[in-house]
Every structure is written in C-alpha cells, then in structure tokens.
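Colleague: My questions will all concern the structure given below.
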Ligand code: NDP
Ligand code: BG6
C-alpha cells in the first residue's frame with residue numbers, strides 16, 4: 001500500500017471546546033497523526049479556546065495527557081509529541097462574555113502571510129449561534145471557515161433556526177457540518193466500489209437487489225454523555241445523520257463528478273425520495289428500544305429515551321421501488337458491528353436438483369467496524385466428487401493493508417479536518433440535506449410521541465428488542481446475527 005501525503009497550506013485552527021471530550025479523544029489525536037505524517041506545515045497553529053483558566057503551557061499539559069491516553073505509544077516516539085505540542089496555543093474565552101476575543105484577534109493577526117483560518121465548534125449546539133455572532137462582532141469571521149459538530153438542532157425547526165443564525169455570518173461555502181461517518185475509510189470505499197467499477201452499477205437496483213440492511217451496533221452505553229443523550233436518543237443521535245448518510249451513499253445516483261455539490265445533490269434527491277412515514281404507518285415501520293438499566297444510568301427514572309431504533313425505509317424512485325432499506329442502531333448490544341448488507345435476489349430459476357445444497361443469494365457486505373472490510377459472497381461448487389454440492393465463498397475485496405508493516409488505519413477525523421483546510425466540502429453535510437433528513441425523521445418522532453407508548457426494554461448484550469426481529473419476520477426476512 002502506498003500512502004501519499006499531500007501537505008496542506010498553512011492554517012490557524014481555533015478549537016472552541018478544546019478542553020472537552022471530543023477534542024481529547026478525537027481532534028487532538030487526529031491532528032497529531034497528520035502532523036506526525038508530515039501533512040501539517042511548520043507554520044500551522046492550533047489554538048484552543050474554552051472557559052477553563054489555562055495558559056499555553058497548561059493547555060499543552062492537558063493535550064499531552066490526552067495524547068498519552070488516546071494515541072498508541074508506538075506513534076509518540078522521538079520528538080513527534082513535543083513538536084506537535086509546540087503548535088498549541090490557548091486563550092480562555094467564555095463565549096457569552098467579552099474577555100479573550102481581543103487576545104484571540106491579536107494572535108490570529110500576528111502572521112504577516114495569508115493563511116487559512118478555521119473555527120471548529122467542538123461545543124454543545126446551544127453555543128454555535130453565540131459563537132458565530134461573536135466571531136462577527138469581533139471581526140474574526142471574514143474569509144474564515146466554520147466547522148460544526150452534530151447535532152444540528154433537535155428537529156427541523158430548530159435546525160433551520162440554527163442554520164439561519166450561522167448562515168447570517170458564514171455563507172454556505174464556508175460551513176462544514178461534520179458527520180464523522182463520512183470520513184470513515186470504508187464509506188469512501190463504498191463510493192469507489194460503486195462508481196469506479198462497471199460491475200455493480202447494472203445490478204444496483206430493485207430488479208436485482210432484494211433488500212439493503214444497515215446496522216450500527218455498539219457495545220457501549222451512554223457512558224458520561226447521559227445529559228446530552230437523554231434529550232436526544234438514538235433517532236437524533238444516530239439515525240438522522242449517520243445512518244441516513246449511509247443510506248444515501250448506498251442509494252444515490254452516480255454524481256457527474258466527485259465534487260462537493262454534485263455528490264450532495266444526489267444524496268439530497270435520495271432523502272427527498274424517502275417515502276414519508278407518519279401516524280400508524282410510522283409506528284408499524286419503526287421500533288424503539290431501551291436497554292435495561294438505562295433510566296438509572298441517565299438518572300431519569302421516567303426516561304422514555306430510545307437507545308435502539310429499527311426502521312423500514314422505502315425510496316420512491318424507479319431505481320429503488322420494491323427494495324426496502326432496513327436500518328437499525330443501538331447501544332449496549334451484543335457486539336460492536338457496523339455494516340451495510342446489500343442482499344441480491346435469488347436466481348430466477350433453480351437448475352440444480354434436490355441433492356444440491358440450496359443456493360444462497362449473493363450478498364455484498366460493506367463493514368465499517370470493527371474491521372473495515374468489503375466482502376462479496378458468491379456460491380461455488382464444493383470441490384471433489386460426491387454430488388454437486390454448493391458452498392458460499394466470500395470474496396474478500398478489502399484492501400485495508402492492515403497486515404502490512406507500519407500501516408495504520410486513519411481515523412475519520414484525520415481526513416475530515418484536513419479536508420476543511422483543503423476547502424473540500426464533499427464529505428460534509430449541506431444545509432438542505434440536514435433539512436431533508438429532519439423532514440423525514442420529524443413525523444416518525446411525532447408518531448411516537450402521539451402514540452404515547454414507550455420503548456421496549458431489551459437486555460444488555462443482546463441483539464436488541466424482540467419487535468425489531470418481528471419487523472423483519474413480518475416481511476419474511478431476518479437480521480444478520482450480531483455475533484462477533
Ligand atoms: P464536552 O462537554 O466534553 O465539552 C464541551 C466544551 O465546551 C468544553 O471544552 C467546555 O470547556 C467548553 N465550553 C462550555 N461552555 C463554554 C462557554 N460558555 N464558553 C466557552 N467554552 C465553553 O462536549 P464534547 O466534547 O463531548 O462535545 C462537543 C461537541 O461535539 C458537541 O456538540 C457534541 O454533540 C459533539 N459530538 C461529541 C462527540 C463525542 O464523542 N464526545 C461525538 C459526536 C459529536 P470549559 O468548561 O473549559 O469552558
Ligand atoms: C456519535 C454519537 O456521533 O457516534 C455517539 O454521538 C456514538 O453516541 C458515536 O457512540 C459512534 O461513532 P463510532 O465512530 O464509534 O461508530
């Protein structure tokens with residue numbers, strides 16, 4: 001495997017929320033790896049901002065501790081760590097106050113040469129608007145790019161309000177809405193598989209594909225994010241963004257070019273073509289579950305927040321009418337497994353006699369986690385005499401290079417942060433996509449609320465609630481087991 005590192009232009013990256021969990025676990029490690037691999041130019045700077053009373057050295061100590069915890073020791077050798085830490089600066093700012101903005105402006109105007117300026121909002125969404133306003137007031141927003149984390153609102157109306165407020169300061173071409181699933185290597189591989197090969201496109205439709213099943217199963221619970229999660233739930237936290245993005249990439253028409261708006265136009269068409277689900281239809285096509293003991297963890301005994309969702313989605317287009325897309329995601333499940341299974345239709349006619357083992361339909365499995373892989377299962381003859389016996393043979397089409405010496409699978413954030421610096425919005429959600437996703441999700445959540453029921457409890461470490469199995473059984477189908 002050849003890894004090609006293309007250095008980016010000099011930049012100043014300001015992280016609001018630099019003392020938080022996401023910065024420690026994802027952003028600083030991602031930036032460290034890009035620096036260690038030689039992608040970040042010498043003059044680039046990373047400026048942490050948060051309320052905590054720290055100076056540059058204090059922030060570097062915090063970052064050192066985060067990197068020691070979240071980056072394997074084999075990568076922290078030589079002067080890599082010190083060189084990275086020297087890039088870090090810190091300015092204490094309470095985004096609701098006036099202090100700190102002038103020093104930030106002074107720091108950012110120090111360099112004489114022009115450089116890319118990025119503000120990364122790694123803070124709760126209630127701070128997105130105030131930060132955008134403050135950046136404008138303090139003359140920092142011109143030409144800068146803004147990165148916002150999910151969730152973008154908690155429904156369509158609040159997302160619109162938020163996007164309007166951000167949009168009043170930053171035009172759409174400078175807004176980067178992160179969905180880190182789009183930065184995952186296999187997700188990009190799905191795009192390559194579909195659009196760099198002639199093989200799949202003729203089969204990629206309802207005539208040949210029986211169903212698509214998208215699973216994002218986690219073993220972790222809500223951990224220490226309960227205060228956020230209890231208000232969000234799996235539908236807002238995972239389905240509205242990550243799962244719908246995976247569905248879009250699987251279902252979209254070929255874009256005319258691998259370029260931001262061309263790709264996002266096609267994803268948007270899929271979201272708009274999702275058959276609306278509301279009222280009893282929504283209740284029939286969806287399942288919500290909650291893992292046993294969740295309310296105690298969330299310190300909310302009456303919590304009806306779902307930690308599991310399963311859905312049957314249909315896309316009303318010529319390509320997909322007749323092929324259901326089943327989605328499921330949940331916490332505290334049997335294993336950590338994220339995959340897209342494209343199940344092809346059975347052969348139209350069985351030519352082999354009764355002695356032959358039944359021919360299983362072909363399937364294409366795009367696995368995102370735990371080990372990134374793409375497998376096409378085909379049926380072949382078992383070698384040797386003894387009748388015409390069939391077997392399912394998996395064709396491993398992954399090229400992760402993980403067996404090669406020195407290979408490290410980059411984290412999604414590495415690619416995404418560098419894409420922001422490069423000014424490439426291809427793997428970021430556009431405003432109208434966010435709106436279209438909410439437009440499909442909102443009526444389902446309304447139906448849940450109006451239906452008055454509550455999520456079905458499921459055992460920790462299980463495959464999820466029974467109703468999710470029944471959702472499939474009703475259609476004569478079964479989920480693949482989550483067994484590792
Ligand atoms: P944390 O609560 O861990 O961090 C929040 C950060 O915001 C802290 O650095 C805090 O620092 C800072 N902050 C809070 N209030 C203010 C203020 N008034 N002025 C300036 N800074 C402030 O959150 P996370 O890191 O977990 O999440 C950040 C964002 O990323 C959220 O939008 C979240 O939804 C999203 N996200 C997080 C994921 C994760 O795995 N953690 C995954 C996907 C998205 P201080 O107290 O020092 O001010
Ligand atoms: C985040 C969600 O966006 O994605 C978390 O907020 C979830 O609840 C996480 O655990 C899953 O990401 P990954 O990359 O571990 O599958």
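Colleague: Mind checking which residues of segment 142-155 are in contact with a strand residue (DSSP E or B) (Cβ under 8 Å, 6 or more places away or on another chain) and either part of a loop (DSSP other than H, G, I, E, B) or surrounded by fewer than 14 Cβ atoms within 10 Å (Cβ to Cβ) (or both)?
Modeller: Start the filter on segment 142-155 by keeping residues that are in contact with a strand residue (DSSP E or B) (Cβ under 8 Å, 6 or more places away or on another chain), which leaves 143-150, 152.
Hits for segment 142-155 are 143, 144, 149, 150, 152.
Colleague: Could you list, ordered by first residue, the pairs with Cβ atoms under 9 Å in which the first is in segment 90-110 and over 18 Å from residue 20 (Cα atoms) and the second is assigned to a loop (DSSP other than H, G, I, E, B) and within 16 Å of ligand 2 (Cβ to nearest atom), at least 6 apart or interchain?
Modeller: So the pair list comes out empty.
Colleague: Moving to a separate point now. Assigned to a helix (DSSP H, G or I), farther than 30 Å from residue 38 by Cβ and either at pLDDT 95 or above or out of contact with any strand residue (DSSP E or B) (no Cβ under 9 Å at 6 or more places or on another chain) (or both): does that describe residue 130? Lay out the reasoning, then the answer.
Modeller: Numbers: assigned to a helix (DSSP H, G or I): yes; farther than 30 Å from residue 38 by Cβ: yes; either at pLDDT 95 or above or out of contact with any strand residue (DSSP E or B) (no Cβ under 9 Å at 6 or more places or on another chain) (or both): yes.
Taking the combined requirement at face value, the residue satisfies it.
This table checks each residue for (1) at pLDDT 90 or above; (2) over 26 Å from the mean Cα position of the chain (by Cα); (3) closer than 27 Å to residue 351 by Cβ; (4) in a loop (DSSP other than H, G, I, E, B).
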position: 380; (1), (2), (3), (4): no, yes, yes, no
position: 387; (1), (2), (3), (4): no, yes, yes, yes
position: 392; (1), (2), (3), (4): no, yes, yes, no
position: 405; (1), (2), (3), (4): no, yes, no, yes
position: 421; (1), (2), (3), (4): yes, no, no, no
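Colleague: Within segment 114-127, count every residue that is within 16 Å of ligand 2 (Cβ to nearest atom), surrounded by fewer than 21 Cβ atoms within 10 Å (Cβ to Cβ) and either outside any helix (DSSP H, G or I) or modelled with pLDDT of 95 or more (or both).
Modeller: 1
Colleague: Considering only segment 188-208, state which residues are more than 16 Å from ligand 2 (Cβ to nearest atom) and in a helix (DSSP H, G or I).
Modeller: Selection gives 191, 192, 193, 194, 195, 201, 202, 203.
Colleague: List every residue pair whose Cβ atoms lie under 6 Å apart, where the two residues are 6 or more positions apart in sequence or sit on different chains, the first residue falls within segment 229-253 and is on the phi < 0 side of the Ramachandran plot, and the second residue, located anywhere, is within 10 Å of ligand 2 (Cβ to nearest atom) and in a helix (DSSP H, G or I).
Modeller: Listed by first residue and then by second, the contacts come to 242/181; 245/181.
Colleague: Quick one: count up the residues across segment 63-74 that are over 25 Å from the mean Cα position of the chain (by Cα) and either touching a residue at least 60 places away in the same chain (Cβ under 8 Å) or buried (at least 21 other Cβ atoms within 10 Å of the Cβ) (or both).
Modeller: 0
Colleague: Moving to a separate point now. Quick one: which helices (runs of 4 or more DSSP H) sit completely within segment 56-113 and have at least 2 residues that are touching a helix residue (DSSP H, G or I) at 6+ places or on another chain (Cβ under 6 Å)? Let's see the steps before the verdict.
Modeller: Values: elements: 56-70, 80-85, 101-109.
In segment 56-113, 56-70, 80-85 are the helices (runs of 4 or more DSSP H) which contain 2 or more residues that are touching a helix residue (DSSP H, G or I) at 6+ places or on another chain (Cβ under 6 Å).
Colleague: Condition first: assigned to a strand (DSSP E or B) and over 17 Å from the mean Cα position of the chain (by Cα). Now tell me which residues in segment 308-340 satisfy that. Break it down stepwise before answering.
Modeller: Of segment 308-340, the ones assigned to a strand (DSSP E or B) are 308-313, 315, 325-330, 333, 337-340.
310, 311, 312, 313, 315, 325, 326, 333, listed by residue number.
Colleague: Consider residue 305 carefully, then state whether it is under 28 Å from residue 460 (Cα atoms) and assigned to a loop (DSSP other than H, G, I, E, B). Walk me through it before giving the result.
Modeller: Numbers: under 28 Å from residue 460 (Cα atoms): yes; assigned to a loop (DSSP other than H, G, I, E, B): yes.
Here the answer is yes, as residue 305 does meet what is asked.
Colleague: Does segment 445-458 contain any residue that is in a helix (DSSP H, G or I) and closer than 22 Å to residue 334 by Cβ? Full working, then the answer.
Modeller: In the first step, residues of segment 445-458 are kept if they are in a helix (DSSP H, G or I); the result is 445-451.
The next check asks that each one be closer than 22 Å to residue 334 by Cβ; those that pass are none.
Among the residues of segment 445-458, not one is in a helix (DSSP H, G or I) and closer than 22 Å to residue 334 by Cβ, which makes the answer no.
Colleague: Working only within segment 325-338, note down all residues that are more than 16 Å from ligand 1 (Cβ to nearest atom) and either crowded, with 20+ Cβ neighbours inside 10 Å or without any contact (Cβ under 8 Å) to a residue 24 or more places away in the chain (or both). Break it down stepwise before answering.
Modeller: Filtering segment 325-338 for residues more than 16 Å from ligand 1 (Cβ to nearest atom) gives 325-328, 330, 332-335, 337.
Of everything in segment 325-338, those that are more than 16 Å from ligand 1 (Cβ to nearest atom) and either crowded, with 20+ Cβ neighbours inside 10 Å or without any contact (Cβ under 8 Å) to a residue 24 or more places away in the chain (or both) turn out to be 325, 326, 327, 328, 330, 332, 333, 337.
Colleague: Given the options 6, 46, name the one that is touching a residue at least 24 places away in the same chain (Cβ under 8 Å) and assigned to a strand (DSSP E or B).
Modeller: Working: 6 fails: assigned to a strand (DSSP E or B).
Selected residue: 46, the only one of 6, 46 that is touching a residue at least 24 places away in the same chain (Cβ under 8 Å) and assigned to a strand (DSSP E or B).
Colleague: A further question follows. Among the listed residues 86, 50, which satisfies the condition of being surrounded by fewer than 21 Cβ atoms within 10 Å (Cβ to Cβ) and at pLDDT 95 or above? Working first, answer last.
Modeller: Values: 50 fails: surrounded by fewer than 21 Cβ atoms within 10 Å (Cβ to Cβ).
When all the criteria are applied, what remains is 86.
Colleague: Still on this model: Tell me, which residue of segment 148-166 that is touching a helix residue (DSSP H, G or I) at 6+ places or on another chain (Cβ under 7 Å) and more than 16 Å from ligand 1 (Cβ to nearest atom) is farthest from residue 126 (Cα to Cα)?
Modeller: Result: 156.
Colleague: Let me ask something additional. Tell me which residues, restricted to segment 209-245, are near ligand 2 (Cβ under 10 Å from one of its atoms), in contact with a strand residue (DSSP E or B) (Cβ under 7 Å, 6 or more places away or on another chain) and not in a loop (DSSP other than H, G, I, E, B).
Modeller: 216, 217, 234, 238, 242
Colleague: Just to be sure I understand the filter: pairs with C-beta atoms under 9 Å, separated by 6 or more residues or on different chains, first member in segment 207-225 and under 20 Å from residue 363 (Cα atoms), second member near ligand 2 (Cβ under 10 Å from one of its atoms) and not in a strand (DSSP E or B). Which pairs pass?
Modeller: Close Cβ pairs satisfying both conditions: 216/181; 216/238; 216/242; 217/331; 217/336.
Colleague: A further question on this structure: Can you find even one residue in segment 355-367 that is in contact with a helix residue (DSSP H, G or I) (Cβ under 6 Å, 6 or more places away or on another chain), modelled with pLDDT of 90 or more, within 16 Å of ligand 1 (Cβ to nearest atom) and closer than 24 Å to residue 182 by Cβ?
Modeller: So in segment 355-367, the residues in contact with a helix residue (DSSP H, G or I) (Cβ under 6 Å, 6 or more places away or on another chain) come out as 366.
Then drop every residue that is not modelled with pLDDT of 90 or more, which leaves 366.
With within 16 Å of ligand 1 (Cβ to nearest atom) added as a condition, the list becomes none.
Within segment 355-367 (the criterion being in contact with a helix residue (DSSP H, G or I) (Cβ under 6 Å, 6 or more places away or on another chain), modelled with pLDDT of 90 or more, within 16 Å of ligand 1 (Cβ to nearest atom) and closer than 24 Å to residue 182 by Cβ), the answer is no, since none of the residues qualifies.
Colleague: Follow-up. Which pairs do you get when a residue that is more than 25 Å from residue 100 (Cα to Cα), found in segment 16-30, comes within reach of a residue that is at pLDDT 95 or above and within 6 Å of ligand 1 (Cβ to nearest atom), reach meaning Cβ atoms under 7 angstrom, with the pair 6+ apart or on two chains?
Modeller: Close Cβ pairs satisfying both conditions: none exist.
Colleague: Is it the case that residue 158 is assigned to a helix (DSSP H, G or I), under 30 Å from residue 299 (Cβ atoms), away from ligand 2 (no atom under 14 Å from the Cβ) and at pLDDT 95 or above?
Modeller: Working: assigned to a helix (DSSP H, G or I): yes; under 30 Å from residue 299 (Cβ atoms): yes; away from ligand 2 (no atom under 14 Å from the Cβ): yes; at pLDDT 95 or above: yes.
The answer is yes for residue 158.
The values are calculated or read from the model by the stated rules, or taken from the named source; none is laboratory data. Keep in mind that what you see is a predicted model, and the values were worked out from it rather than measured. Here the Cβ is made from the backbone with ideal geometry for all residues, glycine too, and neighbour counts use every protein chain on show.
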